[in-house]
Amino acid sequence: MAAGKTFREMFTFANKDVTKWFPGHMYKGLRQMQARMKNIDGIIEVHDARIPFSGRNADFKFTIGVRPRLLILNKADLADLKDEQNIRKALKKEGWSRVMFADCKLDSTNFVKKIVPTVEEMINEAGRYHRAEERDFNVLVCGVPNVGKSSLINAIRHRYLRAGKATRVGAKAGVTRSLLEKIRVCDEPLTYILDSPGILSPNVKSIEVGMRLALCGTYG
C-alpha cells in the first residue's frame with residue numbers, strides 16, 4: 001500500500017456542537033470587561049499570527065465600544081509571513097489601522113519599545129472624554145485563549161521597568177481566568193495594563209475554524 005493512502009483524507013464529526021465552548025470563566029471575564037470599560041482608554045487585542053482571521057472574537061467590538069485599538073499578531077516567529085502585506089490590507093478593510101506582528105517572548109526585539117508610544121498616540125488622537133484630565137493611561141489587553149496576552153504584558157513591563165513577571169503565563173489556554181487589577185508597565189508616560197482571560201465567541205462559526213484554533217492551542 002502506498003504511504004500516501006495511509007493518511008486520513010477527512011474528519012467526520014457526529015455532532016456540530018463541538019464548535020460550542022464558552023465556559024463560565026469566559027462569561028465572567030466578559031462581564032468584568034464591560035464593567036471596567038468606563039475607565040479604559042484603549043484596547044490591545046492579541047491574536048495568533050498563524051491564524052490572523054480565524055476565531056477572533058467579534059463580540060469584542062460591542063464590549064469595547066469606540067475605544068481606540070491596536071491588534072498585535074503574536075507568535076510571528078511560528079507563522080509564514082510571506083503574505084504579511086496582504087494580511088495587513090485585509091485587516092485594514094476590517095477597520096484595523098494599527099497592526100503589529102510580534103514575538104512577545106523576545107522582549108529585546110524592536111516591536112516591544114514601539115507598543116507604548118503607539119498606544120499613547122492612538123489614545124491621544126481619539127480623545128479620552130471623561131478621562132481627559134487624567135495623566136495615566138489605562139489599557140485593556142484582550143483576545144482568545146493562549147495567544148500570549150500575559151507574555152506581552154510581562155515583556156512591556158520588563159522593557160520599561162526592568163521588573164519581573166507581573167502575571168502568570170503558560171503553554172495551555174486558561175491560565176488567566178479573571179480580569180486582573182491594573183499592572184503598571186511604564187512610568188513615562190504612566191501606563192497601566194489590565195490582563196483579561198482568553199474569551200472565545202460562544203459559537204465558533206465552523207468546524208474548520210475550530211480545528212485551526214485547536215491546532216494553535218487556543219480552543220478545547
If a residue must be touching a residue at least 24 places away in the same chain (Cβ under 8 Å) and either more than 18 Å from the chain's Cα centre (by Cα) or outside any helix (DSSP H, G or I) (or both), how many such residues does the stretch 140-166 contain?
13
When residue 70 is evaluated against the numbered criteria (1) at pLDDT below 95; (2) in contact with a Lys or Arg (Cβ under 8 Å, 6 or more places away or on another chain), which criterion, by number, is the only one it fails?
(1)
What's the number of the condition residue 86 fails, among (1) more than 18 Å from residue 44 (Cα to Cα); (2) in contact with a His (Cβ under 8 Å, 6 or more places away or on another chain); (3) of a type in the set (S, T, N, Q)?
(2)
Hey, among 45, 84, which residue is of a type outside the set (Phe, Trp, Tyr) and assigned to a strand (DSSP E or B)?
45
Can you say whether residue 84 is closer than 23 Å to residue 217 by Cα, more than 16 Å from the chain's Cα centre (by Cα) and surrounded by 13 or more Cβ atoms within 10 Å (Cβ to Cβ), as far as the supplied structure shows?
yes
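The values are calculated or read from the model by the stated rules, or taken from the named source; none is laboratory data. Model, not experiment: these values are computed from the prediction. Neighbour counts are summed over all protein chains in view; Cβ atoms, including those assigned to glycine, are modelled from backbone coordinates with ideal geometry.
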